[in-house]
Amino acid sequence: MSDNLITNILVCGTGGQGVMTAAEILAQGAIAKGYDCKKSEVAGMAQRGGVVTSHVRFGKKVWSPVITPGTADILVAFEVAEGARWADMLRPGGIAMVNTIRLVPPVVSSGLFKYPEDPVATMRAAGVTVYDFDAGAIARSLGDLRLINTIMLGAIADFLPFPASDLEEQIVGRFRTRKPAMVEVNQKAFELGREAARAQAEGSRKLAANQ
Amino acid sequence: MSAAVQAKAASRLLLSGNEAIARGVWEAGVKVAAAYPGTPSTEMLEQIALYPDLYAEWSVNEKVSLEVAIGASMSGARAFCAMKHVGMNVASDAFMTQTLAGVVGGLVIAIADDVGLSSSQNEQDSRFWGRFAHVPVLEPADSQEAFDMVKAAFDISEQYNTPVLLRLTTRICHVKALVTVGERNNRATTGFDITAKRWVMTPNNAKAMLPKQIAREDELRKAAEASVLNVIDAGTDKRVGFVTSGPAFMHVRESFPDAPVFKMGFTYPVPVQAIKAFRATVDHLIVVEETEPLVENELKAAGLQDIHGKDLLPRLGELTPNILIPAVFKFRGEEPPATTTYPKYEPFPRPPTMCPACPHMGVYYTLSRLRKRVQISGDIGCYTLGAGSPWNALDTTISMGASMGIALGMDKARSEETKDKAIVSVIGDSTFLHMGMQGLLDIVYNRGNVTTLLLDNRTTGMTGGQNHAGTGKGLHGEDTPRVDFAQLVEALGVKAERIHKVDPYKLPVLFKLIRQEIDIHEPSVIITDRPCVLSEFYGKLTPYLVVDNDCTGCGNCINVGCPAISVKKTEVIKRDAAPDIVKKYTTIDTAMCTGCHMCVESCGPKAIVPAQPVAVD
């Protein structure tokens, strides 16, 4: 059993954010490294603005396609309240990589429910290690909001059991054949995602040192 | 083009169960494949359509899709049909007699159970059809098995002269895993044999077939007992052994890596003798099946009383490790291991919503304005969301096409209190053609007092936008004859003056029309004709914005229900003798807005204006 270490990555967000694509790229990256891999998704009615999650599991041999609560190594949240919603899936010491965008659903904007003031603070208060940054702002600075996907993947690239450059190649490879003009900007986005995560990691180390 | 379609034999690919089955169907030499869309089964036919050398179609409903497959099988071709679990309820009339008649070309029916209800109105265990119809059931546990088993199913079908059910669940259909693919078997088709007479199921012929069906089932039982699709995974921890199938096998293996497991792939007829032998090798036996205790009860009936199953495990939903581990630990008298470290946090619900500019919103906004006067019988599709906030304008949803029959029943069962209520049924274009037409015919035939809203958005929306007989396009996007809904409902007997076509974006027109028709006590049909915003027929217009100074905070536009509109600021006005007034000042996300104009129609003070100057034509 002990030689069968499984990496569990939960990608979450809302319908239309690119959760499935990010999970697909992660899965392909793992396969390219020779891992067995399963990728599970909940779609269906979720396509209509609902909650979307995708479970990516890879290792020597993967059995169940779903991540058991409390065992996720990495939570990739494309939306901040969704990050808080799924944080209990993390194992102790797992990390939540959170895009700080707030997507307010109609049930909130119509006043039926409240959007939490600070979901990241809630997660931290529960003891979760959170790396949060505004991936949307980075994407906008690069001129294309669709780059959020690449930025988020860049952000977790240094936390995987294979080199970040291999994940980058998965993304860039997709564009090289279909949209070569997008290669450079995706490389840049990937790098900025990595930097954002690094800055956060540095910040939390300093914080820990000061305490 | 999909990678799976182009992949050469022996390639290893990451495929969903649906994609893997499509490849398997093509490799099995299938000539005809048919389906009606339904989550989680839809992608099977979408993928099959990409392969060469076979015919694939969207049928108008599951029963017709099975009939198409039956006709092909009778003609000697291998045929495939896919549906979601509730689809078999529709197809079962054809199915229950086909099983008696048998096959020529292999006939495989894939049924996808939505275990856990990600997008369905109920949870059914389709393995029961095996016992009910005396046909074999195969149950894959991942994509590779789905691929292998669909091919095996065609061989079993032809060898035993029976249709074969391939039972899937959402965790097969929508999980991607590695699959090694093979080559197509270019099997010749014999053509229909007109002299056979074996297909005419008159009572006498059918009676003669019954003993053959029983004998066939006995043969299938022997086959299941010896099948290589049933595998024993010998484990070292003999305290508890498991009998399981499908994705539940994966969860068992994950949870108890050292336990002995009898993994069923050929699940009906249940391989009782083989399981009895396995039982003798373990201290205790637990049957882990999603969702009903079908195998468990069969084993108990065969005298294997000392086993466990649903006494320990839930009868609904998925049996994932977080369910299995505590249950089995408890059974063994041990403290279950700690599960989560961090607390569960529920910020707010995020239910599915209608898309910005969805034409259904106009209908439900209008119905919500008439709420006190109408009972609303709904149907299955995106428009089921009309039951939710802010419209709350849908009172029933039972099954595909049920809205009109149920509306007629409501009409005929009025009480003193409801005698003046108007009864409205709401149904989409694809659902109307699937099973709805007969309900409308019944309203006309029996002089019902029902106003039917036929929401024609030119697609099958909820399943992701598939073509149907009302879109004018086929599965491959090719042009086909398009149903004229107005002519169709007139032919069913609705008076021409009671049939209206209306643009659902024109809220005042729609409002007047619905009010007019519910006051006339005879069958009427209002057809809304805006395409789905996600369809190729939809054209985006100039977006709108809210002029802050003109917004009075009435909140009418919020009640349209468009996700592009949100409340920017609320203001509570306290009143002494009356409830507080809550002012909701709004804003429009111009990136989401498609310029449909519905909110403009709802805005009294005309505070919603185009975001850019509109070109005058």
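The values are calculated or read from the model by the stated rules, or taken from the named source; none is laboratory data. Only a predicted model underlies this, so the values are computations on that prediction, with no experimental measurement involved. A quick note on method: Cβ atoms are made from the backbone with ideal geometry, for glycine too, and the neighbour counts reach across all protein chains shown. For the accessible areas, the whole protein counts, side chains as well, though only heavy atoms, and no ligand, DNA or RNA atoms are used. Shrake-Rupley method; radii C 1.70, N 1.55, O 1.52, S 1.80 Å.
Summary of computed values
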| item | result |
| --- | --- |
| Complete set of residues in the stretch B:154-173 that are open to solvent by 10 Å² or more (accessible area, probe 1.4 Å) and closer than 20 Å to B:Gly29 by Cα | B:Asp155, B:Ile156, B:Glu158, B:Gln159, B:Tyr160, B:Asn161 |
| Condition check for B:Arg171: more than 14 Å from chain A (Cβ to nearest Cβ) and in contact (Cβ under 8 Å) with a residue 12 or more places away in the chain | no |
| Filter result (within 17 Å of A:Glu82 (Cα to Cα) and away from chain B (no Cβ under 11 Å)) within the stretch A:22-37 | A:Ala22 |
| Test: residue in the stretch A:95-111 that is modelled with pLDDT of 95 or more, out of contact with any Cys (no Cβ under 7 Å at 6 or more places or on another chain) and facing chain B (nearest Cβ under 10 Å) | yes |
| Residue, nearest to B:Ala611 (Cα to Cα), within the stretch B:544-561, restricted to residues that are part of a loop (DSSP other than H, G, I, E, B) and away from every other protein chain (no Cβ under 14 Å) | B:Val547 |
| Index of the failed condition, A:Val66 passing every other in (1) free of Cβ contacts under 8 Å to residues at least 40 places away in the same chain; (2) open to solvent by 20 Å² or more (accessible area, probe 1.4 Å); (3) within 12 Å of chain B (Cβ to nearest Cβ); (4) aliphatic (A, V, I, L, M) | (2) |
| Answer from A:Ala139, A:Ala121 - the residue that is open to solvent by less than 20 Å² (accessible area, probe 1.4 Å) and not in a strand (DSSP E or B) | A:Ala139 |
| Residues of the stretch B:10-51 satisfying the condition of being in contact with a helix residue (DSSP H, G or I) (Cβ under 9 Å, 6 or more places away or on another chain) and open to solvent by 20 Å² or more (accessible area, probe 1.4 Å) | B:Ser11, B:Arg12, B:Leu13, B:Glu19, B:Trp26, B:Lys31, B:Val32, B:Glu43, B:Glu46, B:Gln47, B:Leu50 |
| Strands (runs of 3 or more DSSP E) lying entirely in the stretch B:222-267 (those with 1 or more residues that are within 18 Å of B:Gly309 (Cα to Cα)) | B:240-245, B:261-264 |
| Restricting the stretch B:283-309 to residues that are open to solvent by less than 20 Å² (accessible area, probe 1.4 Å) and over 33 Å from the mean Cα position of the chain (by Cα), the residue that is nearest to B:Thr244 (Cα to Cα) | B:Leu285 |
| Qualifying positions in the stretch B:159-202 - touching a strand residue (DSSP E or B) at 6+ places or on another chain (Cβ under 9 Å) and either assigned to a loop (DSSP other than H, G, I, E, B) or not aliphatic (A, V, I, L, M) (or both) | B:Thr162, B:Pro163, B:Arg167, B:Thr169, B:Thr170, B:Arg171, B:Cys173, B:His174, B:Lys176, B:Thr180, B:Val181 |
| Residue, most open to solvent (accessible area, probe 1.4 Å), within the stretch B:331-345, restricted to residues that are more than 7 Å from chain A (Cβ to nearest Cβ) and farther than 13 Å from A:Thr68 by Cα | B:Glu335 |
| Subset of the stretch B:562-605 (residues that are assigned to a strand (DSSP E or B) and among the aliphatic types (A, V, I, L, M)) | B:Ile565, B:Val567, B:Val572, B:Ile573, B:Ile581, B:Val582, B:Ile588 |
| Count - residues of the stretch B:511-570 that are open to solvent by less than 70 Å² (accessible area, probe 1.4 Å), over 17 Å from B:Asn457 (Cα atoms) and among the polar types (S, T, N, Q) | 6 |
| Qualifying residues in the stretch B:460-506 (those that are of a type in the set (S, T, N, Q), open to solvent by 10 Å² or more (accessible area, probe 1.4 Å) and touching a residue at least 40 places away in the same chain (Cβ under 8 Å)) - the one nearest to B:Ser430 (Cα to Cα) | B:Thr460 |
| Near pairs, Cβ below 6 angstrom, 6+ apart or cross-chain, from the stretch A:157-181 (surrounded by fewer than 17 Cβ atoms within 10 Å (Cβ to Cβ)) to any residue that is of a type in the set (Val, Ile, Thr) | A:Pro161/A:Thr7; A:Arg176/A:Val183 |
| Selection count where residues are in a strand (DSSP E or B) and open to solvent by less than 10 Å² (accessible area, probe 1.4 Å), scope the stretch A:73-88 | 4 |
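For (1) more than 12 Å from every other protein chain (Cβ to nearest Cβ); (2) modelled with pLDDT of 95 or more; (3) closer than 29 Å to B:His85 by Cβ, each residue gets a yes or a no:
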{"position": "B:Pro257", "(1), (2), (3)": "no, yes, no"}
{"position": "B:Pro260", "(1), (2), (3)": "yes, yes, no"}
{"position": "B:Val295", "(1), (2), (3)": "yes, yes, yes"}
{"position": "B:Leu304", "(1), (2), (3)": "yes, yes, yes"}
{"position": "B:Leu313", "(1), (2), (3)": "yes, yes, yes"}
{"position": "B:Phe329", "(1), (2), (3)": "yes, yes, no"}
{"position": "B:Pro349", "(1), (2), (3)": "no, no, yes"}
{"position": "B:Cys355", "(1), (2), (3)": "no, no, yes"}
{"position": "B:Thr366", "(1), (2), (3)": "yes, yes, no"}
